[in-house]
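Everything below concerns the one structure shown next.
The numbers here are math on the coordinates, done by the rules we state, and not lab data. As the structure is a prediction and not an experimental result, all values here were calculated from the model. Cβ: placed from backbone, ideal geometry, glycine included. Neighbour counts: every protein chain shown.
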Amino acid sequence: MNPTSERAARAFPIQPADRMQQLPTQFFAKLVRKANEQIAAGHDVINLGQGNPDRPTPGHIVKALQGAAENPLYHKYPPFNGYLFLKEAVAQRYREDYGVELDPETEVAILFGGKTGLVEIAQCMLNPGDVCLVPDPGYPDYWSGVALAGARMAFMPLTENNDFLPDYSSLAATDVDKAKLMFINYPNNPTGASAPLSFYEETIRFAARHGIVVASDFAYGAIGFDEHKPVSFLQVPGAKEVGVEFYTLSKTYNMAGWRVGFCLGNREIVRLINLIQDHYYCSLFGGIQEAASVALTGPQDCVSELVRVYASRRSALYTELDRIGWKAKRSQGSFFTWLPVPDGYASEAFADRLLNEAGLVVAPGVGFGEHGEGYVRLGLLSSEERLREAVRRVEALNLF
Ligand SMILES: Cc1ncc(COP(=O)(O)O)c(C=O)c1O
């Protein structure tokens, strides 16, 4: 701060609302800063720490936006809750991919990316003092909405012994009784685990018995390997009675920068999400909505091609990991791999060592929760050659 602004800040101190103090600290901001320091110092850094898809959006979707940008209709305010044609497009995709029927008018809400909806549902469902069940390790954005609502999180440990699925019978009865909302996420970030249909059946029984709304985060719904074609929560009878699914175009079509997501399923929850959004925004730019509907209804071979690329990278990475003796359970979906750290290391110290001595950025597991300790997350978001090079750099440290 320069002296003038310092004086001004003393004369008129800005007092933020208490809720700003409740926001969780952004663990991974530190990681980005450390990596940027290495890059600024001129090191050749391989960044496998983040979750930003590295490939471009398919050309036919970009072209659709170019054309749509010229349509004067889209230069006006869009309808508050978005265009019906986009809701119809996502309903068509769910019908074709998962055999799920959705009423576009009442069972689909358009979001500014999945992240926004994950924070909004906590605002819609939780009062101060309520409990939200959250996977540990898990995607940190779940914490943000719960904190803003003044609610409390109770963590559901995801352990390797239980295939990184929560064990509902092990949760404290006091937490379960107070819980009003729960997040589940398969294919999973950060563990790369997938969930079978039977897991969703069990979740729906558990949620219905205890009156807990289910928020199924299906951000990686398109990305499954080997025999693990991801299943949607909404495929299971009874799902719409107890919850919603969050879907996003970010990963399926490499459209992370476009900010298009959906909340699908239970119509009362969809109504509440639309209602809260009426107070915050006036939907996405119409041209983006048109291009998003082209993504969902146009040729889908770009999606199978993308999954093929990730599968090939995954196999290159695990082959190298096996070769140096870094043993890890194979991921089943998403573009993340979840690897145990060597004995004697905490995940953050291990990640620091990889950054400082191998120029390799990985995400320390503890950043995703207490049960993430002992692991690091590597993304398949670099070329096969760079992934092999990353493992060769680890090999040179003689840790395994
Ligand atoms: C588990 C999970 N859920 C949701 C999202 C949100 O994606 P977006 O806001 O781009 O739709 C991400 C993005 O990284 C994610 O990893």
Assess whether residue 305 counts as being among the charged types (D, E, K, R), under 30 Å from residue 393 (Cα atoms) and touching a Lys or Arg at 6+ places or on another chain (Cβ under 9 Å).
-> no
For residue 215, work out the one condition from (1) buried (at least 24 other Cβ atoms within 10 Å of the Cβ); (2) on the phi > 0 side of the Ramachandran plot it doesn't fulfil.
-> (2)
Only one of 237, 190, 230 is over 21 Å from residue 102 (Cβ atoms), of a type outside the set (S, T, N, Q) and outside any helix (DSSP H, G or I), namely 190
Only one of (1) part of a helix (DSSP H, G or I); (2) surrounded by fewer than 20 Cβ atoms within 10 Å (Cβ to Cβ); (3) more than 16 Å from the ligand (Cβ to nearest atom); (4) in contact (Cβ under 8 Å) with a residue 24 or more places away in the chain does not apply to residue 174, and that is (4)
Go through the range 90-112 and give me each residue that's more than 16 Å from the ligand (Cβ to nearest atom), crowded, with 20+ Cβ neighbours inside 10 Å and of a type in the set (Gly, Ala, Ser).
-> 91
Which residues, counting only those in the range 132-155, are touching a helix residue (DSSP H, G or I) at 6+ places or on another chain (Cβ under 8 Å) and either within 15 Å of the ligand (Cβ to nearest atom) or over 25 Å from residue 18 (Cα atoms) (or both)?
-> 134, 135, 136, 137, 138, 139, 140, 141, 142, 144, 145, 146
Taking residue 203 as the residue in question, decide whether it is over 20 Å from residue 379 (Cα atoms), surrounded by fewer than 24 Cβ atoms within 10 Å (Cβ to Cβ), of a type in the set (Val, Ile, Thr) and more than 16 Å from the ligand (Cβ to nearest atom).
-> no
Looking at the range 264-281, which of its residues are among the hydrophobic types (A, V, I, L, M, F, W, C) and either in a helix (DSSP H, G or I) or over 17 Å from residue 99 (Cα atoms) (or both)?
-> 269, 270, 272, 273, 275, 276
Test: residue 250 is under 18 Å from the mean Cα position of the chain (by Cα), surrounded by fewer than 24 Cβ atoms within 10 Å (Cβ to Cβ) and within 22 Å of residue 268 (Cβ to Cβ) | no
In the range 113-131, residue nearest to the ligand (Cβ to nearest atom) [restricted to those that are touching a helix residue (DSSP H, G or I) at 6+ places or on another chain (Cβ under 7 Å) and β-branched (Val, Ile, Thr)] = 119
Which ones in the range 206-222 are within 11 Å of the ligand (Cβ to nearest atom) and under 22 Å from residue 96 (Cβ atoms)?
-> 216, 217, 218, 219, 220, 221
Checked the range 237-247 for anything away from the ligand (no atom under 15 Å from the Cβ) and crowded, with 21+ Cβ neighbours inside 10 Å; matches are 239, 240, 242, 243
Pairs only if they're at least six apart or on different chains, beta carbon under 7 angstrom, first in the range 121-149 and among the acidic types (Asp, Glu), second assigned to a helix (DSSP H, G or I); list them, first residue then second.
-> 130/178; 136/370; 136/371; 141/115; 141/118; 141/119
For residue 299, work out the one condition from (1) part of a strand (DSSP E or B); (2) touching a His at 6+ places or on another chain (Cβ under 8 Å) it doesn't fulfil.
-> (1)
Single condition residue 111 does not satisfy, out of (1) more than 21 Å from residue 254 (Cα to Cα); (2) in contact (Cβ under 8 Å) with a residue 24 or more places away in the chain = (1)
